[in-house]
Amino acid sequence: MTSHSPNDTRYTALAFVAGIATGGAVFVVLSLIGLDQRMAAGASLAAALAVGSSIKYADQWERAVILRLGRFHGLRGPGFYLVIPIVDRVGYNIDQRIRTSAFNAESCLTRDTVPVNVDAIAFWIVGDVAKAALAVQDFEHSVIVAAQTALRDAIGKHDLAELIQTRHEMGEGLKKALATKMQQWGVEVQSVEIRDVIIPQALEDAMSREAQAERERKSRIILGTAETEIASKFVEAAEKYREHPMAMNLRAMNMLYESIAKRGSLMVVPSGLADSLNVPGFMGMASVAGLRPGDVAPRAVSPPSPDERE
């Protein structure tokens, strides 16, 4: 666990100054009492080393694990703290901030025997520093291994469709499984999220074709349903027109008027349609064109002259 080992090179200037000051004070005191200079220098050097090595510190998010003669003695930090040189040793400085660990399961079979690659990420913290330091050798590596094992087990219990559609539920299940297992390590799992589910390219193409075929089937069903409804409405309308012929004539006249009014062009009406409107042919066309009877003056027809006959 080198990543959690204490760093004694931090704040060396403070420990160095404290050691020099202590060593100088000891040397002065021993010299005043008449001790030999070489002995006083040796004693002052020992005092400087002892004071300098006894000053330690931990960051705000860290806790230091103190071992006294190899046994767990307690936790220190954050901030400065003192240890007994030679007797005490700082085993680890453990970070208690939220950590993220990415893990995956490659070529794992689902319940319907589909090989998939699943990527996930876990958010966790060290809740009990003493357990994390004493119960497991490398708790960070253990978290990743346990998460991979739980992920593979969860994949084998789900079909491919469930795996894709229920990522959140699967993450919650992984969280509960890991929390139960890691509680004895002093690790608390905050959440587990499934980031990606990768399937073989051939299977992805087949699923795409299946989805397209399904959409085509639904569109044809919708179109057929619409045609059926339209046909039933036409049958219902025909029954109404059969019972009321005048309604059919009014509908035909309205359609003819709308066609002429919107397009603004000349329309030739077949005689059969004019006869179906129950009006004379010329008067029917004049009525459709918007002419009134008084607008067309009658003209006498005279016999042709001899020149015209020739």
Task: Looking only at the stretch 187-234, and only at residues there that are touching a strand residue (DSSP E or B) at 6+ places or on another chain (Cβ under 6 Å) and not hydrophobic (A, V, I, L, M, F, W, C), the one that is farthest from Ile98 (Cα to Cα) - done: Asp196
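Take the residues in the stretch 124-164 that are outside any helix (DSSP H, G or I) and among the β-branched types (Val, Ile, Thr), then tell me which one is nearest to Ser101 (Cα to Cα). If you could, list the steps in order and put the result at the bottom.
Pass one, the stretch 124-164, residues outside any helix (DSSP H, G or I): 124-128, 135-138, 157-159.
Cutting the leftovers down to among the β-branched types (Val, Ile, Thr) gives us 125-126, 136.
Values: Ile125: 11, Val126: 13, Val136: 17 Å.
Taking the candidates together, the pick is Ile125.
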- [ ] Could you tell me whether the stretch 109-123 includes any residue that is over 25 Å from Gln165 (Cβ atoms), out of contact with any Phe, Trp or Tyr (no Cβ under 6 Å at 6 or more places or on another chain) and surrounded by 15 or more Cβ atoms within 10 Å (Cβ to Cβ)?
- [x] no
TODO: Hey, can you tell me all the residues within the stretch 174-192 that are at negative phi and buried (at least 17 other Cβ atoms within 10 Å of the Cβ)?
DONE: Leu174, Lys175, Ala177, Leu178, Lys181, Met182, Trp185, Val187, Val189, Val192
TODO: Residue by residue through the stretch 89-130, note down the ones that are closer than 30 Å to Leu69 by Cα and either in contact with a helix residue (DSSP H, G or I) (Cβ under 9 Å, 6 or more places away or on another chain) or not hydrophobic (A, V, I, L, M, F, W, C) (or both).
DONE: Arg89, Gly91, Tyr92, Asn93, Ile94, Asp95, Gln96, Arg97, Val126, Gly127, Asp128
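Taking the conditions exactly as written (within 30 Å of Pro115 (Cβ to Cβ), in contact with a helix residue (DSSP H, G or I) (Cβ under 9 Å, 6 or more places away or on another chain) and either loosely packed, with under 10 Cβ neighbours inside 10 Å or at pLDDT 55 or above (or both)), does Leu266 satisfy them or not?
Details: within 30 Å of Pro115 (Cβ to Cβ): no; in contact with a helix residue (DSSP H, G or I) (Cβ under 9 Å, 6 or more places away or on another chain): yes; either loosely packed, with under 10 Cβ neighbours inside 10 Å or at pLDDT 55 or above (or both): yes.
Judged against the criteria, Leu266 is not a match.
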- [ ] Working only within the stretch 61-88, note down all residues that are in a loop (DSSP other than H, G, I, E, B) and either hydroxyl-bearing (Ser, Thr, Tyr) or buried (at least 16 other Cβ atoms within 10 Å of the Cβ) (or both).
- [x] Gly77, Val83
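The values are calculated or read from the model by the stated rules, or taken from the named source; none is laboratory data. Quantities reported herein were computed from a predicted structural model and do not represent experimental measurements. As a convention, Cβ positions derive from the backbone with ideal geometry for all residues, glycine included, and neighbour counts pool all protein chains shown.
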